[in-house]
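To start, the structure under review is shown below, and the notes come after it.
The values are calculated or read from the model by the stated rules, or taken from the named source; none is laboratory data. These figures come from a predicted structure and were not determined experimentally. Heads up, the Cβs are rebuilt from the backbone with ideal geometry, glycines too, and the neighbour counts pull from every protein chain shown. Keep in mind that these areas ignore ligands, DNA and RNA; they rest on the heavy atoms of the full protein, side chains included. Shrake-Rupley method; radii C 1.70, N 1.55, O 1.52, S 1.80 Å.
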Amino acid sequence: MDKLSRRNLFKVAGGAGAAAAVPHGFTVRKAEAQTGVEAPVVAPSESSAAPAHAGHDDVLFFFTTEEARFVEAAVDRLIPADEEWPGAVWAGVVNFLDRQLAGAYGAGARMYLEGPWELGVSQQGYQLPYTPAELFRIGIQEVRDWLAEHEGETEFWDLSVSRQIEILQMLEAGAIPLPSMPSSVLFETLLATTVEGWFADPAYGGNREMVSWRMIGFPGAYAQYVDLVTEYGRPYERPPMSMAEVARSHDHHGKH
Amino acid sequence: MAVRMKPVDVALVGGGATAAILGKELAEAGYSVVALERGRMRRTVPDFQSPYMHDELKYSVRHALMQDPSTQTLTFRNFVGQKALPMRQLGSFLPGTGVGGAMVHWNGQTWRFQPESFVLRSWVNERYGEDFLPDDLTIQDWGITYDELEPHYDFFEKICGTAGIAGNVRGDIHEGGNPFEGPRSDAYPNPPMKQAYAGALFEDAATDLGYHPFPVPSSNVTRHYTNPYGAKFQPCMYCGFCETYGCEHFAKASPQVAILPFALANDNFELRPHCYVTRIEWDRGSNEATGVTYIDSRGREIFQPANMVALCAFAHHNVVLMLNSGIGTPYDPVTGEGTVGRNYTYQTMSGASVFYPPEVRLNPFMGAGALGTAIDDFNTGSFDHSELGFVGGAYIAAYTTSGRPIHRHPVPEGTPRWGAEWKKAVQRHYNSTATLTVHGSSMPHRGNYIGLDPTYTDAFGQPLGMITFDFPHNDRLMSRYVTGKAWDIARAMGGEQISVGWLDDHYSIVPYQTTHNTGGAIMGTDPTKSVVNKFLQSWDLHNLWVMGACVFPQNAGYNPTDTVGALAYWAVDHMINDYLPDPRPLVPT
């Protein structure tokens with residue numbers, strides 16, 4: 001049994017949605033060295049594959065509808081729209097997170113997930129037994145349970161904006177006692193991955209129309225500045241380009 | 001039962017920079033060499049091509065070119081007596097995996113260590129007195145001098161096409177270079193990089209304060225260049241995707257560009273990827289290595305017999321392999337005895353950010369890994385420590401390596417970490433913030449070492465390496481002092497606001513600091529206090545050699561790659577001209 005990789009187990013169990021059902025303490029072994037030619041690898045070995053961006057009404061690969069509503073409200077507070085620029089929700093960060101958590105990153109593909117488990121000190125880093133997908137799934141449920149108990153059967157997304165901000169601040173401070181994890185770990189993972197989705201290449205599903213890059217003036221994947229680097233202070237006004245656009249442009253040039 | 005391969009003269013553990021150097025030189029000298037790389041084959045084409053290489057999420061955040069902790073990681077604790085726990089994901093440092101190793105994703109910052117570094121204990125004792133160093137600071141001399149290493153520095157820099165202004169050529173101090181460096185036999189092979197706006201602002205401020213700024217020596221090559229092997233480089237495009245990325249432009253010196261093709265062209269050399277070395281085999285009677293055992297891509301255990309073995313893996317990994325193979329005496333931090341794992345050191349990093357008004361456009365995305373302007377006025381040999389109570393030092397540099405926004409969106413102190421105000425601050429400061437790096441030395445401490453973890457194992461069932469490390473008091477004093485000097489320069493740079501990033505209270509495995517892990521299999525003159533002699537030959541098994549930064553007795557206030565490369569050329573020179581014709585301990589014990 002210990003030759004079976006965690007990723008294989010997900011497949012066997014019917015997809016990443018079953019992740020929380022994986023018993024903790026289960027011996028996880030990366031199968032790479034043991035995989036013979038008869039037994040093809042079933043999941044990507046690197047974590048970055050994600051379908052091209054689609055709109056807000058996309059199919060969800062990982063989140064349940066309730067989880068998606070929770071995450072949507074949360075990322076709307078983390079990176080809100082303002083009078084000048086849209087925020088994380090418009091940019092597609094919910095879909096970004098959904099696809100990341102449905103894929104190899106969510107499955108903890110590049111994490112050491114062997115026990116025994118102890119929390120340790122902050123200098124020792126993440127020590128929970130959960131993959132990122134499990135962390136989100138368990139954590140969101142436990143925050144919803146806490147809210148149901150302390151906010152009168154109210155869901156996070158139904159709270160006022162100011163109360164949502166207060167709840168997030170309490171999570172950040174570790175001030176909401178969750179049964180399975182320090183609330184700050186859930187918050188920090190959500191914040192880090194939200195910033196990833198906001199600033200990553202639009203090909204990953206967030207950063208729609210390169211909104212974050214246009215906001216700050218980052219030119220994106222097209223990059224050679226050997227002739228400009230000493231033009232001190234000169235505005236760089238070329239619109240940004242994503243990997244997908246650069247690839248299309250290469251393709252275009254190739255045909256003419 | 002392990003499969004037994006055809007014997008070779010030399011087995012190299014690893015397929016990165018030092019394996020490429022040893023492979024090229026030993027194969028050319030007529031020896032059969034096999035390099036065993038745990039990762040996959042990687043080439044500039046097709047593996048490092050734009051636009052797909054310009055993917056911050058994949059390469060900088062998800063670490064696509066790096067060691068996979070699910071296969072092997074380390075455990076970590078700050079002090080003896082604390083329970084060590086696994087580094088479950090990469091953070092503080094990023095060892096590579098795959099052909100080319102960490103020299104694929106390095107920045108190209110190519111610094112020599114100062115002459116004082118190599119004789120540090122002797123130098124401190126002579127200059128500041130025998131009582132200056134506290135007992136728990138286990139600083140040692142390297143057993144080699146700068147003058148012995150200098151020709152190999154020079155050659156490695158020519159291999160890398162390093163670009164810069166020489167500050168000291170045979171004792172003549174040259175304007176515009178680093179006046180605090182040791183004497184060079186020759187200038188850099190290429191002219192310096194163009195300096196970025198942030199570097200120019202730093203240069204003006206540092207000059208006004210009486211310091212000596214110069215362009216950081218860079219192996220992001222600045223013009224069409226052919227190295228001594230015949231490798232053709234193209235000029236750097238300042239694309240801002242250097243650290244954690246492979247270079248698509250044939251501009252950054254990687255083993256793939258600079259060395260490996262000339263090893264692979266020789267029939268004596270074989271590079272075997274997907275081979276995960278688990279043990280060095282050795283004969284307990286004759287005290288000689290007999291070869292290495294590895295797991296191949298199908299999970300089979302393979303024995304590769306060899307007349308000589310050289311460890312060319314990343315620093316920790318060489319040490320962990322020795323410990324897991326039972327070679328030498330493991331270091332004991334309680335008694336201070338034993339050698340393997342001793343003097344594990346790192347790098348003491350801090351910095352400062354200068355926030356300008358938005359109309360000062362610094363265009364940080366017009367960057368390169370070694371694009372920077374630096375001063376070396378506060379490195380180990382550059383200034384007087386006698387009233388300061390510490391040894392060591394740091395260079396201070398204004399680097400413009402990238403504007404990749406997931407990791408770089410600076411905001412001033414006091415800004416909320418998220419929400420509307422954070423978003424406004426990111427927008428305002430993204431293009432107008434300069435960052436100063438204080439790149440500090442790391443002194444060995446009796447309690448800092450690499451051992452084997454008693455609890456956790458890797459994917460092959462072997463004990464994980466265990467790091468015990470915290471910043472010694474000496475290094476905290478050093479960092480406070482030099483970071484204060486960086487703060488002075490930051491104030492003189494004329495921004496609206498400054499944030500100073502002081503050294504953390506305790507070393508943490510979490511935030512990225514640097515991949516300059518050093519020590520653990522150190523070189524020296526005393527077999528009871530070092531693992532290898534001055535030629536990098538094991539004191540215990542004369543046909544075992546150890547390459548890489550794990551041989552540094554302590555780490556200087558510079559990036560290690562130039563010294564790693566120079567030491568590999570120094571060692572291979574002695575293998576070919578002295579050892580292999582007559583295998584024996586080159587330094588009698």
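Observations, loosely collected:
- Hey, B:Gly403 free of Cβ contacts under 8 Å to residues at least 60 places away in the same chain, of a type outside the set (D, E, K, R) and over 30 Å from B:Ile139 (Cα atoms) or not: no
- Selection of the stretch B:499-533 for residues being touching a strand residue (DSSP E or B) at 6+ places or on another chain (Cβ under 8 Å) and open to solvent by 50 Å² or more (accessible area, probe 1.4 Å) yields B:Trp502, B:Thr528.
- First in the stretch B:445-458 and within 14 Å of chain A (Cβ to nearest Cβ) and in contact (Cβ under 8 Å) with a residue 12 or more places away in the chain, second anywhere and open to solvent by 10 Å² or more (accessible area, probe 1.4 Å) and among the small types (Gly, Ala, Ser), Cβ under 9 Å, 6 or more apart: B:Tyr456/A:Gly115
- Leading residue by the ranking (nearest to the other protein chains (Cβ to nearest Cβ)) among those in the stretch B:226-239 that are surrounded by fewer than 21 Cβ atoms within 10 Å (Cβ to Cβ) and among the hydroxyl-bearing types (Ser, Thr, Tyr): B:Thr226
- Checking B:Arg361 against (1) surrounded by fewer than 23 Cβ atoms within 10 Å (Cβ to Cβ); (2) out of contact with any Pro (no Cβ under 9 Å at 6 or more places or on another chain), the condition it does not meet: (2)
- Some residue of the stretch B:252-267 being at pLDDT 95 or above, touching a strand residue (DSSP E or B) at 6+ places or on another chain (Cβ under 6 Å) and either over 22 Å from B:Glu37 (Cβ atoms) or part of a loop (DSSP other than H, G, I, E, B) (or both): no
- Test: residue in the stretch B:428-440 that is modelled with pLDDT of 95 or more, among the hydrophobic types (A, V, I, L, M, F, W, C) and closer than 30 Å to B:Phe79 by Cβ: yes
- Among residues of the stretch B:557-572 that are in a loop (DSSP other than H, G, I, E, B), those with a beta-carbon under 8 Å from a residue that is of a type in the set (A, V, I, L, M, F, W, C) and open to solvent by 10 Å² or more (accessible area, probe 1.4 Å) at least six positions away or on a different chain give the pairs B:Pro560/B:Ala549.
- A:Glu153 falls short on exactly one of the conditions (1) touching a Ser or Thr at 6+ places or on another chain (Cβ under 9 Å); (2) open to solvent by 40 Å² or more (accessible area, probe 1.4 Å), and that condition is (1).
- Note on the stretch A:199-241: residues that are more than 22 Å from A:Trp90 (Cβ to Cβ) and free of Cβ contacts under 8 Å to residues at least 24 places away in the same chain amount to 16.
- Taken over the stretch B:364-391, the criterion of being crowded, with 24+ Cβ neighbours inside 10 Å and over 23 Å from B:Trp106 (Cβ atoms) is satisfied by B:Phe378, B:Val391.
- Of the residues making up the stretch A:156-197, those that are among the β-branched types (Val, Ile, Thr), open to solvent by 20 Å² or more (accessible area, probe 1.4 Å) and under 19 Å from the mean Cα position of the chain (by Cα) are A:Val185, A:Thr189.
- Just so you know, in the stretch A:195-238 the residues that are within 8 Å of another protein chain (Cβ to nearest Cβ) and of a type in the set (Val, Ile, Thr) include one that is nearest to A:Phe136 (Cα to Cα), and it is A:Val195.
- Restricting attention to the stretch B:443-463, the residues being surrounded by fewer than 24 Cβ atoms within 10 Å (Cβ to Cβ) and in a strand (DSSP E or B) number 7.
- Residue within the stretch B:389-401 that is at the interface with chain A (Cβ under 10 Å from one of its Cβ atoms) and modelled with pLDDT of 95 or more present: yes
- Count - residues of the stretch B:74-89 that are closer than 25 Å to B:Ile406 by Cα and open to solvent by less than 20 Å² (accessible area, probe 1.4 Å): 2
- Every listed requirement among (1) within 14 Å of chain A (Cβ to nearest Cβ); (2) modelled with pLDDT under 95 is met by B:Asp47 save one, (2).
- Applying the criterion of being surrounded by fewer than 19 Cβ atoms within 10 Å (Cβ to Cβ) and either more than 9 Å from chain A (Cβ to nearest Cβ) or farther than 20 Å from A:Ala81 by Cβ (or both) to the residues of the stretch B:407-424, the residue that is nearest to the chain's Cα centre (by Cα) is B:His407.
- Applying a threshold of 6 Å to beta carbon distances and a minimum spacing of six or more residues, or different chains, the list of pairs starting in the stretch B:195-213 at a residue that is more than 14 Å from chain A (Cβ to nearest Cβ) and ending at one that is acidic (Asp, Glu) and part of a helix (DSSP H, G or I) reads B:Pro213/B:Glu203.
- Counting only helices (runs of 4 or more DSSP H) that sit completely within the stretch B:110-186, those holding 2 or more residues that are free of Cβ contacts under 8 Å to residues at least 40 places away in the same chain correspond to B:120-128, B:146-160.
- Verdict on A:Ala244 being touching a residue at least 40 places away in the same chain (Cβ under 8 Å), assigned to a helix (DSSP H, G or I), under 23 Å from A:Phe96 (Cα atoms) and not assigned by TED's automatic domain parsing to the domain that holds A:Trp90: yes
- Every residue from the stretch B:328-377 that is within 14 Å of chain A (Cβ to nearest Cβ) and under 20 Å from B:Val482 (Cβ atoms): B:Tyr346, B:Gly372, B:Thr373
- Scan the stretch A:82-123 for residues that are more than 7 Å from chain B (Cβ to nearest Cβ), among the aromatic types (Phe, Trp, Tyr) and over 20 Å from A:Ile140 (Cβ atoms) and the total you get is 3.
- Subset of the stretch B:95-109 that is part of a loop (DSSP other than H, G, I, E, B), away from chain A (no Cβ under 12 Å) and open to solvent by 10 Å² or more (accessible area, probe 1.4 Å) - its residue that is farthest from B:Gly167 (Cα to Cα): B:His105
- Set side by side, the residues A:Val41, A:Val28 differ, and just one is modelled with pLDDT under 95, touching a Lys or Arg at 6+ places or on another chain (Cβ under 7 Å), assigned to a loop (DSSP other than H, G, I, E, B) and within 14 Å of chain B (Cβ to nearest Cβ), which is A:Val28.
Conditions (1) within 25 Å of A:Gln224 (Cβ to Cβ); (2) outside any loop (DSSP other than H, G, I, E, B), marked per residue:
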| residue | (1), (2) |
| --- | --- |
| B:Asp9 | no, yes |
| B:Gly15 | no, no |
| B:Ala19 | no, yes |
| B:Ala27 | no, yes |
| B:Val45 | yes, yes |
| B:Gln49 | yes, no |
| B:Lys58 | yes, yes |
| B:Thr71 | no, no |
| B:Leu90 | no, no |
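- In the stretch B:287-302, the residue that is nearest to the other protein chains (Cβ to nearest Cβ) out of those that are outside any loop (DSSP other than H, G, I, E, B) and open to solvent by 50 Å² or more (accessible area, probe 1.4 Å) is B:Glu301.
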